[in-house]
Amino acid sequence: MSAIRLLVLGAVRQHGRAHGYQVRNDLEYWGAHEWSNAKPGSIYHALKQMAKQGMLLAHETAPSTVGGPPRTEYELTAAGRAEYFRLLREALVGYDQKMDVMSAALGCIVDLERAEAVELLTQRVRAIEAWRAEVTEHYIPEDGPQQLGHIGEIMNLWVHSADGGAAWTRGLIERIEGGAYVFAGEGEPFVGVLAEGQENPYAHRDG
């Protein structure tokens, strides 16, 4: 799965309607340009591509009073909303997701109800545990990875990464079950996007 689709859909959804620069600004605010492929070119490409696919509805707005071409604003269609939640749920469950995909899912997790978020993360832990049990039976010698030469360190790395991922996920589940964060249907959500004209303190400056 590519993180960019989930990130772009999530940013547009939070605004209701958003133009490309807003989406770019939001994702830089999240730091996504540092940990994903959410660069300006890929963001604008994703917006146009998902509009063609019927995930987004494009609205051409009037030119600004200071001049310049009309801007295109996007909003989610029913198909886009379904795709957004499909990608979000898949990302949270997948124990082998790349870090950028899991990071994108974390930025959107509160769009789910609390109980569903806990259930999806619990499924992720179970999948990690099942994978670990299988690979340690076949690939990790009892006497340690060095028994297989330096190649043994490959699976050793993956097992340690899985253990860290499982521990982190359990901690997140505990925090969520303890009442952390505002999830869907619980009240006023946390605003994770920038208002029109609001300066982004994390934006990349040219020059």
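The values are calculated or read from the model by the stated rules, or taken from the named source; none is laboratory data. Computed from a predicted model, the values in this text were never measured in an experiment. Positions of Cβ are generated from backbone atoms using ideal geometry, with glycine treated the same way; all protein chains shown enter the neighbour counts.
Overview of results
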read-out	value
Any hit, the range 146-155, residues being without any contact (Cβ under 8 Å) to a residue 12 or more places away in the chain, in a helix (DSSP H, G or I) and touching a Gly at 6+ places or on another chain (Cβ under 9 Å)	yes
Qualifying residue in the range 74-97 (condition: under 30 Å from Ala130 (Cβ atoms), touching a strand residue (DSSP E or B) at 6+ places or on another chain (Cβ under 7 Å) and not charged (D, E, K, R))	yes
Close pairs from the range 4-24: first among the aromatic types (Phe, Trp, Tyr), partner outside any helix (DSSP H, G or I) and modelled with pLDDT under 90, Cβ under 7 Å, at least 6 apart	none
Any hit, the range 31-44, residues being surrounded by fewer than 14 Cβ atoms within 10 Å (Cβ to Cβ) and more than 15 Å from the chain's Cα centre (by Cα)	yes
Among residues of the range 153-207, those that are β-branched (Val, Ile, Thr), under 28 Å from Val12 (Cα atoms), at pLDDT below 90 and surrounded by 14 or more Cβ atoms within 10 Å (Cβ to Cβ), counted	1
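Here is a yes/no grid of residues against (1) in contact with a helix residue (DSSP H, G or I) (Cβ under 7 Å, 6 or more places away or on another chain); (2) among the hydroxyl-bearing types (Ser, Thr, Tyr); (3) closer than 23 Å to Gln53 by Cβ:
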| position | (1), (2), (3) |
| --- | --- |
| Glu83 | yes, no, yes |
| Leu88 | yes, no, yes |
| Lys98 | no, no, yes |
| Gly107 | yes, no, yes |
| Glu113 | no, no, no |
| Ala117 | yes, no, no |
| Leu120 | yes, no, no |
| Arg126 | no, no, no |
